[in-house]
Amino acid sequence: MGKYRVLVVGLGKRGKHHATHFHANARFEVVGLCDVNPDKLGEAAAAVGDPRTGTDAAAMAKELRPDVFCFTTPPNVRSEMIQIGVECGARLIAFEKPVALTSGEGLKIKELLSGSPAKVVVSHQHRYGKHYQAVKDVISSGKIGKVRTVYGVAHGWAAHMLSHLIDYSMWYNDYTRPTWVMAQAAGKHKLSDVHASPDYVGGFVQFENGVRGIYECGGGAPDVPEVQRWWGKNRIGAVGTEGYAEVYTGNGWKAVTREGILTGDGAMAYDQDMPGYIQDLADWLDRGKVHPCCFENAYAGFEVMMGMLRSAARGGQVTLPLADAANELEELQRALSGAPLQVTLEESRKEYGP
Ligand SMILES: NC(=O)c1ccc[n+]([C@@H]2O[C@H](COP(=O)([O-])OP(=O)(O)OC[C@H]3O[C@@H](n4cnc5c(N)ncnc54)[C@H](O)[C@@H]3O)[C@@H](O)[C@H]2O)c1
C-alpha cells in the first residue's frame, strides 16, 4: 500500500506536532508544509524530510493534490481552509479545534463539507491520554452505575478549552445528542483575543438520554486543586447512580465506586497523545474504522458551545441542533457588561485583566 501524502498548513505549535507525527507514522508522507510566515518553514521542513514549502495554501493544495489536507491555523482561519481541502479533492481533512468561533462560520463549514466525500477529523486528542481512557473504562464498565450527569471545568477560556470539555464529557455519555442548552457569561477581556471568548461561561445541557451536562469554562471556574499547572486545571467526568469518575488533565484520575476508590496517574502530553490520533487517521483511510474525533462528534459538541454563548447573550434555552447562523461573539460584545471578571485564582488575573 502506498503512503498517504499529507499537506500541513499553519506551522505553529500544533502544526509542528502534526507534521512530526505524520512523518513518524509509516502510513503517511509529509509532501508539503505551508505557513503565511515563511520564517516558520525552514526548521519545520528539515525535521520532516524536507518536503515542499510555501506560503499559499490554495496554490500548494492545487499543485500537490494531497490525500490528507491538514490545517492547524488560528481559530479565525477556518472555512477558507475547508474550502481549499474540499476543492483539492483530499480524501481526509484534519483540522484543529475549535470547529469555529461562531455558529455562522460553523454552519458555513458544515455546508462546504456536505457536498464532499472527504472524511473529516477535528483534533480533540487529549482523549488518547491513559487517564482519560481509564475514566472512560470505569464509566463503560458500569462501576459508577447509570450515568446521570457529565461535567467539565477549566480555567483557560472557551475557544481554547470548552471544546475539549464538551467533547470528552460527551464521549463519557457515548456521544448522545444534546437537545438544548442554557448558559450565563461574564467578562469581555478575551472577546478581543484570537481565541475570542467570554472570560467565563457556565451552562447546562440536556442530552437525549436524560443525562445533564454542566460546564464552567474560564476565570470564574472553581479551582481544580488536584492539578498545579494552570492550563491543566481541568476536571472532566461523570456522576452515576453509584459513584463518580473524573479525569484531571494535568494529573491523573479518580473514581469513587461501590467497590471503593480507584485512582491512577497520567498527564496530558502531546507526544503521548498524537501517535494514536494519527494512527486512527490511517485506520479510517485504510479500513473504514471511523475516527473517534470525527467531524460529526466534534460538530455536535461545537453546537453545544455555540448554544452556550448564544444563550449567554440572549437568555433562555437554546434548542439544538442550531437551525440558523449567528455571530455569538458580536452578540456577547453587546450583551455583556464591562465589569471586570471576579477570578477564582490569583494566577488568572494576568489573563482576565485586573
Ligand atoms: N488540540 C489541542 O490540544 C490544541 C492545543 C493548542 C492549540 N490548539 C489549536 O490549534 C490551532 C493552532 O494553534 P497553535 O497554538 O498551533 O497556533 P500558532 O499561532 O502557534 O500557529 C498558527 C500558525 O498558523 C499560521 N497561519 C495563520 N494563517 C494562515 C494561513 N492563512 N495560511 C497558512 N498559515 C497560516 C501562523 O503564521 C502560525 O504559524 C488553534 O485552533 C488552537 O485552538 C489545539
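What do you reckon, how do HIS124, HIS17, HIS189 stack up by accessible area (1.4 Å probe), largest on top?
Details: HIS124 5, HIS17 45, HIS189 95 Å².
Greatest to least solvent exposure: HIS189, HIS17, HIS124.
The long axis of helix 295-314 is offset from the longest Cα principal axis of the chain by roughly 50 degrees.
Once you sort the root eigenvalues of the Cα gyration tensor of the stretch 212-354 as a ≥ b ≥ c, which label holds: rounded (a/c under 1.5), prolate (a/b larger than b/c) or oblate (the other case)? Oblate, because a/c is 1.5 or more while a/b does not exceed b/c. Placing pseudo-labels 7 Å out from each Cα toward the beta carbon at ASP50 and CYS294 gives an inter-label distance of 4.1 nm. Take the chain, connect every pair of alpha-carbon atoms lying under 10 Å apart with a spring to form a Gaussian network, then pick out the residue of GLU246, GLU111, GLU226 with the largest mean-square fluctuation. Taking springs between Cα atoms under 10 Å, the residue moving most is GLU111. If one takes the longest principal axis of the Cα atoms in the chain, at what angle in degrees, from 0 to 90 and to the nearest 10, does the Cα axis of helix 103-114 lie? Roughly 50 degrees between the two axes. Taking the 0 to 90 degree range and rounding to the nearest ten, how far is the long axis of helix 158-172 tilted relative to the main principal axis of the chain, both from C-alpha atoms? Once rounded, the angle reads 80 degrees.
Roughly to the nearest percent, how much of the accessible area of the chain is carbon and sulfur, given a 1.4 Å probe?
Values: 7130 of 14200 Å².
Looking at the chain in its full context, I get 50 percent from C and S.
Subtract the Cα-Cα distance of GLN184 and THR263 from 0.36 nm times their separation in residues, and report this length gain in nm to one decimal. Each step should come with its number before you reach the end.
Values: separation 79, 0.36 × 79 = 28.44 nm, distance 3.31 nm.
In short, 25.1 nm is gained.
Calculated accessible area for the stretch 257-301 comes out at 46 Å² per residue, all protein chains present (probe 1.4 Å; ligands, DNA, RNA ignored). Of LYS108/LYS289; LYS13/LYS190; LYS40/LYS254, which sit over 32 Å apart, Cα to Cα? From the list (LYS108/LYS289; LYS13/LYS190; LYS40/LYS254), the Cα-Cα distance tops 32 Å for LYS40/LYS254.
The order of TRP171, TRP231 by accessible area, most exposed first and with a 1.4 Å probe, is TRP231, TRP171.
Hey, got the dipole for the stretch 159-283? About the Cα centre, +1 on K and R Cβ, -1 on D and E Cβ, debye to the nearest 20? If you can, show how the numbers build up before the last one.
On the way: 9 positive and 16 negative charges, 96 e Å.
It works out to roughly 460 debye.
From helices alone, the chain scores -10500 deg cm²/dmol at 222 nm; the rule is -39500 (n - 2.57) for each run of n ≥ 4 DSSP H residues, then divide by the residue total. Of all beta bridges DSSP finds with both residues in the stretch 151-285, what is the antiparallel percent, to the nearest 5? Close to 90 percent. Considering only ALA267, ALA154, ALA339, the mean-square fluctuation computed in a Gaussian network model of the chain, springs between alpha carbons under 10 angstrom, is largest for ALA339.
The values are calculated or read from the model by the stated rules, or taken from the named source; none is laboratory data. Predicted model only: the values in this text are computed from it and were never measured. FYI the Cβ positions are ideal-geometry reconstructions off the backbone, even for glycines, and counts take in every protein chain you see. Heavy atoms of the whole protein, side chains included, go into the accessibility calculation; ligands, DNA and RNA do not. Shrake-Rupley method; radii C 1.70, N 1.55, O 1.52, S 1.80 Å.
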